[in-house]
Amino acid sequence: MKKLHTWMMLAAFPMLLNATENKEPEKICLNKGWEFSQVGKGEWLPATVPGTVHQDLIDNNKLINPFFGMNEEKVQWVEKEDWQYKRTFTLTKEQLSRQAALLNFEGLDTYADIYLNGSLLERTDNMFVGYELPVKDVLREGENRLQVYFHSPIKMGLPQWETDGFEYPADNDHSKTRVSIYSRKAPYSYGWDWGIRLATSGIWRPVTLELYDAARIEDYFVHQVSVSKELAKVNNILEVKSVAQVPQQAEVILTYSYKDGAKVTEHKNVTLQPGCNKVSMPVEIANPNLWMPNGWGEAALYDFEMAVKVDGKVVASEKKRVGLRTIKVVMEDDKDGKSFYFVVNGQPMFAKGSNLIPDDALLPNVTKERYYQLMKDVKDANHNMIRVWGGGIYEDSRFYDAADEMGILIWQDFIFACTTYPSDPTFLRRVSEEAEYNIKRLRSHACLAMWCGNNEIYEGMRYWGWDRKYSNPAIMEEMREGYNKLFHQLLPAMVKEFDADRFYMHGSPYEANWGRPHSWKIADSHNWGTWYGQKPFESLDKELPRFMSEYGFQAFPEMKTIATFAEPKDYALESDVMNAHQKASIGNALIKKTMALYYDVPEDFEELVYKGLVLQGFGIRHGIEAHRRNRPYCMGSLYWQLNDSWPVVSWSSIDYYGNWKAMHYQGKRAFAPVLLNAFKEGDQLCIYTLSDELKDYKNATLQLKVMDFNGKVLSKKTVNGEVPVNASAVFHKEAYEALAANPTNTLLLMTLKSQKGEVLSEEIYYFNYPKDQELPVAKVSYKVKQMDGKCEVTLSSKQLARDIFVEIPFQGARFSDNFFDLLPGQTKKIVITSDEIKKGEPVALKIRHLTGVVK
Ligand code: NHV
C-alpha cells in the first residue's frame, strides 16, 4: 500500500466522532438535473445522464438525426469540441455528518476533469473504468456544485499522433488522422465496416453519491472453488474498507437461498483494520441446483447476500445472483491439431451463437429492456453462447445479468480489435486499471466462460500486409513487442491475479487464418471465405475449423428499417444514401454475385432487399449445419454478427430496431436441440441427426416423403433408428439418384419422431437451388385476426411457397415465425405481437415469397 501522509489520512479516515450512530449507507442518485454546454459558447441546455453529448444535442434540436440520409458527415464537428456538464445538489447537515462520502461515476467517456465545489477531483482517461472519488472533505452543507469538463477525444489524441510519426493500421477508424488507438474508448465509435462514426463524449453510466459510516464493501467476489452434482464449494470474498482510524469489530453475515427455499445464514466476527480488509466466508452446498446453459435445462440461480454490521447496525451489504456450474475450455494438442471446446458441468457443449457488437452508436440508449429483449432473442433462437467482440465495450452489468438468467455463456474479449495499439507506460497503466476493474466487475457471473485478449490483431500483424506498409522494420518490431506486453504478459497476469480459474487466450483467432488451410486444424477460426474470399456457401462444408468463432454474410435490413433513413427516391442499390449505410467496400456487388449462385437476381430494389435477406439466412444456415454435422471435430459455430448499432446494411441477424432478419429465424432452426440434416456424400444422401440434448432417443422413426411442388406424394418410407446423446450421427442413408429423380420439381420431407410419437425435427430437403427449380407461382391466401397487441395470421397455399415473409409496418414486432416455407396444401398460423397493433385498426400486411407478392 502506498504511504499516506498525515494530512491525507485525515481526509481518508475521518475520526469516529460518534461511534454509536452508525446508519445504513445512503445512495443518492445524481442522474437528474444536469445541464451541458459547448465550451466557448456559454449556452447551457438541459442534459440527460447517463447520456452522450450527441443525444443531448439531438434532444435540444441542435443536431440533426445522425442516422438519417447522409447526415453522418454533418455531425462530425461534435467530436472535435470540448463539452461541459454541470449540476448542483444539496446536502443536509445530517448527511454531511456521515463518516465517509464517495462520488461514483460508473462511466465517463473519456477525458473528463471532475470538479466539485472548486476542487479538481480527478482527470479521467478511460471510458471502461468506474471512478469512486472520496469527497467527504469537499462536500458542503446546502448547495454543492459539480462540473465535468470533457476534452475532445480527437484533440486529446493528436499530440500522440503527431509525435509517434507513423500511423497505426487502424483501418476502421474513419478519419484521416487515426487517433482512436491512443484512447481507451470504444473502438467502434470511430467508425467500423458496419458502424457510423460517432466519437461521443459524456457521462455514459450512472452517477451516485454514497454516504456511509464505519465501513464499505468495495468488492464482493463469489468464487466457485469446486462444483459437482453432489457438492458446491463456494468462497465469498469481501473487500471491506474500514473508515475508522482504529481497528473496529464487525460481524459479517452471509445469507443464501434458492428460489423460495429456506434461507441459510452464516456469521463471522472479524476485526476490521483501518483501510482495506479481506474477509472470506466459504460455504458448502450439498446437491446444488446446477446452472445449465440454454437447451440443457434451467439456468438455476441462487440469491446470495453479504452484510457487514458494526455496533449492531448494517453499514454495508451487497447481493449477487449466483449460478453454480463449471465451465472449462479444452484447448489441447490432439491427433487432428489443437482442440477448442467448452465443457459445462462435465459435458462437452457445442457452442451455438453469434458475435455481439454494441447495440447502439449512442450507448446509453440501450436500456435494460433492450438488453433483456436482445438476450431473449438469443435464447429463443437456441443460442447458448455470445461472444462480446473486442471492438465494442465491456458490456453493461445488465447484459451479464440477462445472460445469467437465460443460460447464455459469454466469451468476453478485452476491448482491442483489428489494429495494433501503443504499449507505452501510460497506455499499459490504463489497460491494467481497466482489466482489474472489469475482471472484478464480471467474475462472479455464471455466464462468464472465458477471457480473450483481442480480436484479430495477431492475424493482422501476420497477414494484413502491415510489414509492407511500414518500411522501417523497427515500427513493426515495436508493434510485435507491444503485442507481447499487452496480450502475453499484462492481460494474462491480470486474469491470473483476479480470476485465476478462468480460461484466457491471447486473441481470436488463436492461430488459424482463413486463407491458410493447414491452420484450420488449430483452435478457433474466423472464416471470411464466404465474404472477403467471395466463395459459395458450400465452401463452409469443407473449410472446417475446430471452432468457428466468426463467419458471416451481409444483408440489407428490411424495408421498414431502410425507410427510417432513406426516402423512396434513394431506394436504389448504389444511391448515395444507401451507400452511406453500406460501409463494406465489396458489399453490394458481392451480395448480387453470391445471390446469382442460388436465386434469380431481381432488378427491383425492394425485391432485392427481400431476396438478400433470404440469401443471408440460407447461407449462414448452411454453415451452422456444416459445423454441427462435423462435431466433435468442430465444436462451435458463432456467426458474425448478432445485432446492429444503427440502421445499416450489415452481417447482422437482427436489425437496429430489433427486427429479426431471415437469418435469425434460420439460425433458430439450424440451432434446434435436435435437427435433421440431409447432406449429399458421394452417391448417398446422408440424413444426420444433430443433437445437443443430454438424453438419447431410442427407437426413433424417420419418415421420408418425396413429393412434388403441388403436393403429390411420389414415394414414402419409414426407418427406425437411434438419436445418440449430444452428438452428430448418420441416422439413415439413401441412394441419391433414386430420391432425386425429379430435382426441379420435387422435395424430400423428413420427419423424425421419438418413440412416444413427438416430432423431434421436421425438415425439407431440396434437390436443387431455387434458381434451378420449377417453382409454381404459389397462390398464398391468408386470414388475419386482430386483437389489441397482437394479430394472428393464418396462411395457406395449395402449392409449395418458399421463404414467405410477412411484413408489418411496426418496428420491433415479434413473429412466432417468419421466412418459412409452406408445403403444398399446408396451413400455418403465426402470431405477431406489437403494442402498436390495435383491435379495429387493420394493419397493412405485406406478404412476399419467392414467386410473388400476395395482394
Ligand atoms: O467485416 C466484418 C467483420 C468486422 O466487422 C469485425 O471486425 O472481427 N470482420 C471481418 C473480419 N473480421 C471481422 C475478417 N477480416 C479481414 C478479412 C480480410 C482481410 C482483412 C480483414 C470482425
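The values are calculated or read from the model by the stated rules, or taken from the named source; none is laboratory data. Only a predicted model underlies this, so the values are computations on that prediction, with no experimental measurement involved. Neighbour counts run over all protein chains shown; Cβ positions are idealised from the backbone, glycine included. Accessible surface is based on the protein model in full, side chains and every heavy atom, while ligands, DNA and RNA are left aside. Shrake-Rupley method; radii C 1.70, N 1.55, O 1.52, S 1.80 Å.
Go through the residues of the range 377-397 one by one and say whether even a single one is free of Cβ contacts under 8 Å to residues at least 12 places away in the same chain, among the β-branched types (Val, Ile, Thr) and in a loop (DSSP other than H, G, I, E, B). The answer is no; no qualifying residue exists.
Here the condition is being over 29 Å from the mean Cα position of the chain (by Cα), part of a strand (DSSP E or B) and within 17 Å of residue 607 (Cα to Cα); of 793, 784, 853, it holds for 853 alone. Every residue in the range 110-138 that is over 20 Å from residue 429 (Cα atoms), touching a residue at least 60 places away in the same chain (Cβ under 8 Å) and of a type in the set (A, V, I, L, M), please. Within the range 110-138, just 135 meets the criteria. Applying the criterion of being in contact (Cβ under 8 Å) with a residue 40 or more places away in the chain and aliphatic (A, V, I, L, M) to the residues of the range 712-739, the residue that is farthest from residue 826 (Cα to Cα) is 727. Which of the residues spanning the range 565-620 are acidic (Asp, Glu), out of contact with any helix residue (DSSP H, G or I) (no Cβ under 7 Å at 6 or more places or on another chain) and not in a loop (DSSP other than H, G, I, E, B)? Hits for the range 565-620 are 576, 607.
Of all the numbered requirements in (1) open to solvent by 40 Å² or more (accessible area, probe 1.4 Å); (2) in contact with a strand residue (DSSP E or B) (Cβ under 9 Å, 6 or more places away or on another chain); (3) of a type outside the set (S, T, N, Q), residue 845 misses one, and that requirement is (1).
When restricted to residues that are part of a loop (DSSP other than H, G, I, E, B) and free of Cβ contacts under 8 Å to residues at least 60 places away in the same chain, the range 672-700 contains 4.
Regarding residue 412, is this residue surrounded by fewer than 24 Cβ atoms within 10 Å (Cβ to Cβ) and not in a loop (DSSP other than H, G, I, E, B)? Spelling it out, it is not the case that residue 412 is surrounded by fewer than 24 Cβ atoms within 10 Å (Cβ to Cβ) and not in a loop (DSSP other than H, G, I, E, B).
For (1) surrounded by 15 or more Cβ atoms within 10 Å (Cβ to Cβ); (2) out of contact with any helix residue (DSSP H, G or I) (no Cβ under 8 Å at 6 or more places or on another chain); (3) under 30 Å from residue 696 (Cα atoms), each residue gets a yes or a no:
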position: 751; (1), (2), (3): yes, yes, yes
position: 755; (1), (2), (3): no, yes, yes
position: 761; (1), (2), (3): yes, yes, yes
position: 766; (1), (2), (3): yes, yes, yes
position: 773; (1), (2), (3): yes, yes, no
position: 787; (1), (2), (3): no, yes, no
position: 790; (1), (2), (3): yes, yes, no
position: 813; (1), (2), (3): yes, yes, no
position: 833; (1), (2), (3): yes, yes, no
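Taken over the range 832-852, the criterion of being under 21 Å from residue 820 (Cβ atoms) and not aliphatic (A, V, I, L, M) is satisfied by 833, 834, 846, 848, 849, 851, 852.
Per-residue answers, yes or no, for (1) part of a loop (DSSP other than H, G, I, E, B); (2) in contact (Cβ under 8 Å) with a residue 40 or more places away in the chain; (3) within 16 Å of the ligand (Cβ to nearest atom):
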position	(1), (2), (3)
402	no, no, no
423	yes, yes, no
458	no, yes, yes
461	no, yes, yes
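For the range 420-463, what are the residues that are among the aromatic types (Phe, Trp, Tyr) and open to solvent by less than 40 Å² (accessible area, probe 1.4 Å)? Listed by number, the residues that qualify are 421, 427, 451. For the range 118-130, the tally of residues that are touching a strand residue (DSSP E or B) at 6+ places or on another chain (Cβ under 6 Å) and either in a helix (DSSP H, G or I) or surrounded by fewer than 19 Cβ atoms within 10 Å (Cβ to Cβ) (or both) stands at 2.
Scanning the range 483-494 finds one or more residues that are of a type in the set (S, T, N, Q), surrounded by fewer than 19 Cβ atoms within 10 Å (Cβ to Cβ) and more than 16 Å from the ligand (Cβ to nearest atom). Determine if the range 621-644 includes at least one residue that is within 16 Å of the ligand (Cβ to nearest atom) and in a helix (DSSP H, G or I). Yes, the range 621-644 contains a residue that is within 16 Å of the ligand (Cβ to nearest atom) and in a helix (DSSP H, G or I).
So that you can scan it fast, the table gives a plain yes or no per residue for (1) buried (at least 20 other Cβ atoms within 10 Å of the Cβ); (2) aromatic (Phe, Trp, Tyr); (3) farther than 20 Å from residue 197 by Cβ:
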| position | (1), (2), (3) |
| --- | --- |
| 91 | no, no, yes |
| 94 | no, no, yes |
| 104 | no, no, yes |
| 108 | yes, no, yes |
| 115 | no, yes, yes |
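Checking 473, 517, 492, 509 one by one, the residue that is at pLDDT below 95 and not basic (Lys, Arg) is 473 and no other.
Flag set for residue 33, criterion: among the small types (Gly, Ala, Ser), in contact (Cβ under 8 Å) with a residue 40 or more places away in the chain and open to solvent by 30 Å² or more (accessible area, probe 1.4 Å). From the list 175, 201, the one residue that fits, being closer than 30 Å to residue 465 by Cβ, within 27 Å of the chain's Cα centre (by Cα) and away from the ligand (no atom under 16 Å from the Cβ), is 175.
Only one of (1) of a type in the set (Val, Ile, Thr); (2) surrounded by fewer than 17 Cβ atoms within 10 Å (Cβ to Cβ); (3) closer than 23 Å to residue 503 by Cβ fails for residue 367. Which number is that? All conditions pass for residue 367, except number (3).
The single residue among 180, 201, 226 that is more than 29 Å from residue 72 (Cβ to Cβ) and either at pLDDT 95 or above or in contact with a helix residue (DSSP H, G or I) (Cβ under 9 Å, 6 or more places away or on another chain) (or both) turns out to be 226. Residues of the range 370-400 that are out of contact with any helix residue (DSSP H, G or I) (no Cβ under 6 Å at 6 or more places or on another chain), open to solvent by 10 Å² or more (accessible area, probe 1.4 Å) and under 21 Å from residue 648 (Cα atoms): 370, 373, 374.
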